[in-house]
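Before any comments, here is the structure.
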Amino acid sequence: IRSKIGRQPGDTVTVTVKEVDHKTEAPDYEDERDVSRQLSQTLQTHNYETESVGNGIDGLREFLAGAFELVLLILYFPNQSGDEILRKIHKSSNVSVIIISAKDLPYTKINLLPLGVDDYITKPFDLEEVAARVLSNLRRS
């Protein structure tokens, strides 16, 4: 994520990715794209530039190719688990990571904290709450 005010070359962007829940036989891709679009629009109204990718491998590739200040990470992907992506992110960076997931079990959250998660948002979520949490995490970083 980066502020649109005073942007400099090499500033950071958000990578948001689409969730595919392995429990469902036919994920609603249109719904996930819509959530990503709405989230991006909300963050843009708060002067952040956003970038979305469609899966974990592309998200990791984008992350490794640029400089990021904060990553919104969906926990489950069809091609790579979110916790594995989180491990790879933190091997190369101390970037703030906010997890977005439908899983609200305490042990899921507890197991992710040692991996470097800075915040955990459970679906369904309020878009303005996500924007507030992004701002809060950026202030601390």
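The values are calculated or read from the model by the stated rules, or taken from the named source; none is laboratory data. None of these values were measured; they are calculated from a predicted model. For neighbour counting, all protein chains shown are included, and Cβ atoms are generated from backbone atoms with ideal geometry for every residue, glycine included. What goes into the accessible areas is simple: the full protein's heavy atoms, side chains included, and nothing from ligands, DNA or RNA. Shrake-Rupley method; radii C 1.70, N 1.55, O 1.52, S 1.80 Å.
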| query | Could you list, in sequence order, the residues of region 40-60 that are open to solvent by less than 50 Å² (accessible area, probe 1.4 Å) and part of a helix (DSSP H, G or I)? | reply | Ser40, Thr42, Leu43, Gly56, Gly59, Leu60
| Close pairs from region 81-93: first within 15 Å of Gly66 (Cα to Cα), partner part of a helix (DSSP H, G or I) and at pLDDT below 90, Cβ under 7 Å, at least 6 apart | Lys88/Leu60; Ile89/Phe63; His90/Leu115; Ser92/Leu64
| task | Filter region 61-77 down to the residues that are surrounded by fewer than 17 Cβ atoms within 10 Å (Cβ to Cβ) and in contact (Cβ under 8 Å) with a residue 12 or more places away in the chain, then identify the one that is nearest to Glu129 (Cα to Cα). | result | Ala67
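Here's the yes/no breakdown for (1) at pLDDT below 85; (2) surrounded by fewer than 21 Cβ atoms within 10 Å (Cβ to Cβ); (3) part of a helix (DSSP H, G or I); (4) not acidic (Asp, Glu):
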residue: Ile5; (1), (2), (3), (4): yes, yes, no, yes
residue: Gly10; (1), (2), (3), (4): yes, yes, no, yes
residue: Val15; (1), (2), (3), (4): yes, no, no, yes
residue: His22; (1), (2), (3), (4): yes, yes, no, yes
residue: Pro27; (1), (2), (3), (4): yes, yes, no, yes
residue: Glu32; (1), (2), (3), (4): yes, yes, yes, no
residue: Gln38; (1), (2), (3), (4): no, yes, yes, yes
residue: Asn79; (1), (2), (3), (4): yes, yes, no, yes
